[in-house]
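Here's the structure, in structure tokens; my notes come after.
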Amino acid sequence: MLSKDKQVTFEEDNTDVKYDDKGEIKVNSQTVMEGGDKDKKAGGDKEEKEATVTYNQLIVPKGKHSTLLLSDGTKLWVNAGSHVIFPVSFKGNKREIYVDGEVFLDVTRNEDNPFVVKTDRMAVEVLGTSFNIKSYGHEDTDDVVLVTGSVHVRTETGRKAELIPNQRFRCTSIGDVDIQTVDVYDYISWKDGLLQYKKERLSVILQRLSDYYGKPIRWEPELERLTCSGKLDLKDDMEKVLNGLTRMIPVKFVKQDDCYYFSVTPLNSKPME
């Protein structure tokens, strides 16, 4: 969603959006908005002034993903079911965006202009680093996982933390905070089209697959006790991925009315083929 209520829709599963410092926007190498010089000549100072307060939105539906290159060179990988609000170009001494969903960021370093990512529950400030942030409105927790550099996190309840690489910061909807050392690739593998996990609850994996592919998945309460480790290729179609799970753990699924229902497989039953 561009300025002045202009919308551009793309049907591809993966889009690459690039902004430059002159205001030109390209999506999958196709120019969707020319640079700002022509508009400035027509509108004068008024247009330039309006541009300083203009924000665009990138909305990525479930089942799709996107990359976004901002005007300062910062690159974002935006996961399915996410949206990012960001200025056409950064002005002043702060670079600030808003995220609802999951985004991996490789932030261009600028010590004079810190980069701030805001969600409904927290704000993350960096100078130049790479990290993953996950903040879906329907979930009870927000996560920040640091890959390189350092980040400062401040929650809406006033809790603060400074992370070092390989740490995950998690805050809950009631204000609780938890910091752990983790394998960062488990949290950022999605940007490479993979879902890697170690001793993760099956219900968490199924919910992530549901969010990624945009298809509902339901499961019996008994599945909450199951955990598994492995790697799934998100470039495969959904049913191939789900069938792969049934070969790893004692579960089965059926599809009814576009919804997938998982249940525990009895010990004397054969896995689904």
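Each value in this text was obtained by applying a stated rule to the coordinates, not by laboratory testing. Just so you know, these numbers come straight off a predicted model, no measurement behind them. When we count neighbours, we look across all protein chains shown, and the Cβ atoms used for this are built from the backbone with ideal geometry, even at glycine.
Cross-linked pairs LYS94/LYS215; LYS94/LYS134; LYS6/LYS215; LYS26/LYS118: Cα-Cα separations exceed 31 Å for LYS94/LYS215. Distant-in-sequence amide contacts of THR129, defined by a placed amide H-H separation under 5 Å and a gap of 5 or more residues or a different chain, comprise VAL107.
Scanning residues 5 or more positions from THR74 or on other chains, those with amide H under 5 Å from its amide H are THR108, with H placed 1.01 Å from N in the peptide plane.
Simple point charges give the picture: +1 on the Cβ of Lys and Arg, -1 on the Cβ of Asp and Glu, and for the stretch 119-273 a dipole about the Cα centre of about 360 debye. If R0 equals 45 Å, the separation of the Cβ atoms of ASP183 and VAL254 corresponds to a calculated FRET efficiency of about 0.85.
Scanning residues 5 or more positions from GLU96 or on other chains, those with amide H under 5 Å from its amide H are VAL116, with H placed 1.01 Å from N in the peptide plane.
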